[in-house]
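J.: Pasting a structure below so you can have a look.
The values are calculated or read from the model by the stated rules, or taken from the named source; none is laboratory data. Since we're looking at a predicted model, the values are computed, not measured. Glycine also receives a Cβ, built like all others from the backbone with ideal geometry; neighbour counts cover every protein chain displayed. Just the protein is used for accessible areas: all its heavy atoms, side chains included, with ligands, DNA and RNA removed. Shrake-Rupley method; radii C 1.70, N 1.55, O 1.52, S 1.80 Å.
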Amino acid sequence: MLSQRNLLLKKKSKKRKQSRESSSSKQHISTQKQKLASKNRYSVSPTVTQIESEDEEHEKVEGGEEGKFDLKNSAPSHSHGVQPLGNLYFSSSSVNSRNTGLGNLRTLTDELILEVLGLLSGTQLGVLSTVSKSFYIFCNHEPLWRSLVLESCKGGFVYKGSWRNTWLGEFKCSYNMVSSGIKVRDFYSDYLFQSWLCANLEMKSEWLERDNIVRRREISVEEFVLTFEEPNKPVLLEGCLDNWPALKKWDREYLLKVCDDVKFSAGPVEMKLDDYFRYSDQVREERPLYLFDPKFAEKVPQLGMDYDTPAYFNEDLFSVLGDVRPDYRWIIIGPAGSGSSFHIDPNSTSAWNAVIKGSKKWVLFPPDVVPPGVHPSPDGAEVACPVSIIEWFMNFYADTKSWRKKPIECVCKAGEVVFVPNGWWHLVINLEDSIAITQNFVSRRNILNVLDFLTRPNACTLVSGTRDRVNLHEKFKKAIESWLPGTLNQWRMKAEEKNNQEKKLSFWESATDSKAGAFKFSF
């Protein structure tokens, strides 16, 4: 959720006449607001967020320390007139219709109310929406209907402009639903407003400016291994996809032709490509569905023939497991705003991600640096982070500017590849409609990390991409020892030698004071 700063939706409309009493009330609220601001930078500040676009002409978002934000050119106004809580401080009325329409339930948080409503069916939501204006708005909250569709339409759906309309199109409702386009005045809620806000904000230029990743073109495999893979450092590789047929062929027309009626994984559902493209062309939400399918090459062999693994990543030791290896390659298709929030790639593998169409913004943190706003559980099994990627940029990106260990960032364009070393946190967001291929792999440089990962006490919950999570370690170890007898012991010995050398180096560095003149400790 957005941080607890109140927002102000500024409308270009005629000012209503105010009585002296209401004017005095507003001055009192403003004074209280300024007092709160001095205590907490996330409270309402004198420079509250302002938004201007479409029929109400919201164009800009002014967010205090974060500066100005732009809304997308086609951004509509909120479909039900919901305004951020900050607007209440500048309203001629001190009434929030959110509270008057909820009765005794007004003491509950918006999150809790939506949790309860999430237990209802579509018909029940429709009936409850007629009780009051407040329930009308809560019951028409799009994420509720999205959950209903995704839970009920595992085999796919035809998107019809909104999740509510999609549900109505898929199921016959015994109740005559009220129109979903009614505007409600004086309804203020940061929580309900945030979905619209995150779905309609443009990426700020300063979020895209930092490009500090190392870029290389036509380097040798040996240089890649020594400079990047062994030290576990990311790199953007240029020119290594030039011979891919996919780079020239993979547009919508071609993909629809070769894929025909084949269904691909998009979140929790399976969808045909034409249905997915229909969805992605219409949808405007903070977390668009991402087509992310690990069996694409088996489903459509031609897709697997349209690309080759770049030479830098040819060694993949998980391949010794044959058909029982964990999922390792995916086709990725998504609209602007879709992507992956902060995560570490599965099973301690490294990865490469090649953009075929479009462009992606990357933010990466090394294994020893947890990104701001991200809270992994002690055992690493769960990660708590902001609901949407835009939300993270709004609330946490600016914090990284003052960090000593700044993130590695870049915009990866069509024809380029990002190497993601094992253990690195990374976030990816599509800046436009994008198509990509990604693969996870195990080389001799990170095989010991993978084997150690597979022996963790909670490996059965951490291991992903395979049905046999418990026995994966033994299967993999036996397959490697059968294929390359004695090599595991050699790799372990080399790793121990390297660790010992690094320990000795750090000891001598700590025992010597090179900045204290000519005198040095020696033994």
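J.: Inside the stretch 461-516, can you point out the residues that are outside any helix (DSSP H, G or I), at negative phi, modelled with pLDDT of 65 or more and of a type outside the set (A, V, I, L, M, F, W, C)?
T.: Result: 464, 466, 467, 468, 469, 471, 485.
J.: Find all pairs meeting these conditions: Cβ atoms under 6 angstrom apart; at least six residues apart or on different chains; first residue within the stretch 391-409 and within 15 Å of residue 205 (Cα to Cα); second residue of a type in the set (D, E, K, R) and open to solvent by 70 Å² or more (accessible area, probe 1.4 Å).
T.: none
J.: In addition: Name the residue that is most open to solvent (accessible area, probe 1.4 Å), counting only residues in the stretch 119-150 that are within 29 Å of residue 95 (Cβ to Cβ) and of a type in the set (A, V, I, L, M).
T.: 131
J.: Continuing with the same structure: Can you give me the number of residues within the stretch 374-390 that are closer than 21 Å to residue 423 by Cα and surrounded by fewer than 18 Cβ atoms within 10 Å (Cβ to Cβ)? Walk me through it before giving the result.
T.: Going through the stretch 374-390, the residues closer than 21 Å to residue 423 by Cα turn out to be 374-386, 389.
Those still in the list that are surrounded by fewer than 18 Cβ atoms within 10 Å (Cβ to Cβ) too: 375-384.
Total satisfying the criteria: 10.
J.: Mind counting the residues in the stretch 391-427 that are over 16 Å from the mean Cα position of the chain (by Cα), surrounded by fewer than 21 Cβ atoms within 10 Å (Cβ to Cβ), among the aliphatic types (A, V, I, L, M) and modelled with pLDDT of 95 or more?
T.: Counting residues in the stretch 391-427 that are over 16 Å from the mean Cα position of the chain (by Cα), surrounded by fewer than 21 Cβ atoms within 10 Å (Cβ to Cβ), among the aliphatic types (A, V, I, L, M) and modelled with pLDDT of 95 or more gives 1.
J.: Further, regarding this structure: Hand me the list of helices (runs of 4 or more DSSP H) wholly inside the stretch 151-270 holding 1 or more residues that are of a type in the set (Asp, Glu) and open to solvent by 60 Å² or more (accessible area, probe 1.4 Å).
T.: 163-170, 205-209, 221-224, 252-259
J.: Output yes when any residue across the stretch 332-340 is open to solvent by 10 Å² or more (accessible area, probe 1.4 Å), over 30 Å from residue 200 (Cα atoms) and of a type outside the set (S, T, N, Q), and no when none is.
T.: no
J.: Quick test of your reading of the structure: residue 431 fulfils all but one of (1) open to solvent by 50 Å² or more (accessible area, probe 1.4 Å); (2) out of contact with any strand residue (DSSP E or B) (no Cβ under 8 Å at 6 or more places or on another chain); (3) of a type outside the set (D, E, K, R). Name the failing condition by number.
T.: Going through (1) open to solvent by 50 Å² or more (accessible area, probe 1.4 Å); (2) out of contact with any strand residue (DSSP E or B) (no Cβ under 8 Å at 6 or more places or on another chain); (3) of a type outside the set (D, E, K, R) one by one, residue 431 breaks only (2).
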